[in-house]
Amino acid sequence: MTSRPRGPRRRPRTPAPDPASACCGYRTREPWRTSPPPVPHRPAQDTAYILFTSGSTGTPKGVPVSHANALSFVTHSLQRYGVGPGNRMTQNFDLAFDVSVFDLFVAWGSGATLVAPGPQDLLHPVRWVNERAVTHWASVPSAISTALGQRELPPDSMPTLRLSLFLGEQLTVEQAQAWRRAAPDGALENAYGPTELTVFVSGYRLPDRMEDWPTTANRTIPLGRVYDHLEAVVLTDGRDADEGELCVRGPQRFAGYLDPRDNTGRFLTFRQGRFSPAEGPVPGPDDWYRTGDLVCRDQDGTLTHLGRLDSQVKIRGHRVELAEIEGALRLQPDVAEAVVLARPGRAGSLELVAYYTSLPGHRTDPRALRTHLARTLPTYMIPRRFTLLGSLPLTGNGKVDRLALRDS
């Protein structure tokens, strides 16, 4: 029996890939899901992420934030800001800054579009906002100063903005006025909150008319009232019933630092009608977190930021609040920004040094500043030296870099 010669062996013909089972050149074994995959269950108190404080006032501390902390903040933000499909939100904060939780999850949770900037976009905010039709802006106030310094914040230049949110450092009246003129059709809000309280815990929405804006002693925009789902007290020293350290508790308060030794002195317990330091290495769920921020509270509960308790220094035996001097400097019409530091003098004692920037087209002489301060401040609060800068140095998160100034 003879066998027939065989030709070359052919491979079975492969059918063309179905569009539902191929993507970017990679085939899948089954079509794409038509419903979201199941999300693994995580206990609410499990850690969602850990951030480290900047260390500007000491060694950086690890802050574990739970799923419950983050969910409380995001849920409240979705309700407060009413963002939804058609809105375009900025992502101006990197993942090492907790405000990124607001950017990312409020956009994703509402169906809004998240717009990430390129390397140069934040240096030219007006151009970027208009190119991408941004409706919701969030950043540190220093972004305003950068745009002003480059003369890139003309009136009516950002008509698409519907809400502008600033946080991370004090928002001055001059910064807020410049931004409002550039985006007159959008709401302007100042928000506040330390990392330990999950992003921010209060906000102040400025009235539409500048004539109705509040007047504060240090020329900063108020922090507003602490949100209703949280509790807050102002811990006074007995001299002023409305001025003291802000303490907060509630579902956004973290459960304690990564290193329990960092909890010492940071929490208060209220027992038998008075506050006392929390006992033990781990704070209780009802303990109050001490923010370290000095605030003033008016009759309706609106807070104004006066400075940090750890920025108080002794000058010639007098207790001096550096933020008070900075506020007085900003009252000078030509001054845009001001930072005051206490640095060792020639004799070893501390002396005050002021760094400031001028508004575009202006140049304030240090002698004029000294004369201006002498009208409102005692002699020991007047800085020994004044340094005019083209711009203040910034950290990677866009805040004023006080350590860089101290080391200059």
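The values are calculated or read from the model by the stated rules, or taken from the named source; none is laboratory data. Given the structure is predicted, the values throughout are model-derived calculations rather than measurements. Reconstructed Cβ throughout: ideal geometry from the backbone, glycine too, with neighbour counts over all protein chains shown. These accessible areas exclude ligands, DNA and RNA; they are computed on the full protein's heavy atoms, side chains included. Shrake-Rupley method; radii C 1.70, N 1.55, O 1.52, S 1.80 Å.
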Leu95 - accessible surface, heavy atoms, 1.4 Å probe, Å² rounded to 10: 130 Å²
Within region 259-408, percent of DSSP bridges classed antiparallel, to nearest 5: 85 percent
Gain in span if fully extended, His229 to Leu78, counting 0.36 nm per residue against the direct Cα distance: 53.0 nm
Amide H partners (placed H, <5 Å) of Phe52, local residues excluded: Val63
Protein accessible area in region 344-408, 1.4 Å probe - carbon and sulfur %: 50 percent
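Return the inverse of the average 1/r over all pairs of distinct C-alpha atoms in region 190-249, which is the Kirkwood hydrodynamic radius, in Å to one decimal.
On the way: mean 1/r = 0.0763 Å⁻¹.
So the Kirkwood estimate lands at 13.1 Å.
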Accessible area per residue in Å² at 1.4 Å probe, computed on region 100-214: 37 Å²
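Would you mind giving the average projected area, over all directions, of the Cα convex hull of region 341-393 in nm² with one decimal?
Reported value for the Cα convex hull: 4.3 nm².
For region 255-408, report the % of Cα-Cα distances exceeding 24 Å. It would help to have the intermediate numbers written out before the result.
Numbers: 5753 of 11781 pairs.
When every Cα pair of region 255-408 is considered, 49 percent fall beyond 24 Å.
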With all protein chains modelled, accessible area of Lys399 [1.4 Å, Å²]: 70 Å²
Phi to ³J(HN,Hα) by Karplus 6.51 cos²θ - 1.76 cosθ + 1.60 over region 368-376, Hz, x for Gly, Pro: 5, 5, 4, 5, 4, 5, 5, 6, 10
Glu231 accessible area, assembled protein chains, probe 1.4 Å, Å²: 90 Å²
Computed FRET value (nearest 0.05) for Ala374 with Ala44, which takes r as the C-beta separation and R₀ as 51 Å: 0.35
Solvent exposure ordering (accessible area, 1.4 Å, most first) of Asp121, Asp237: Asp237, Asp121
Percent RCO, i.e. relative contact order, over region 229-285, from Cα pairs under 8 Å lying at least 6 residues apart: 25 percent
Column: log10 I(q)/I(0), Debye, Cα scatterers of region 96-222, q = 0.12, 0.13 Å⁻¹: -0.44, -0.52
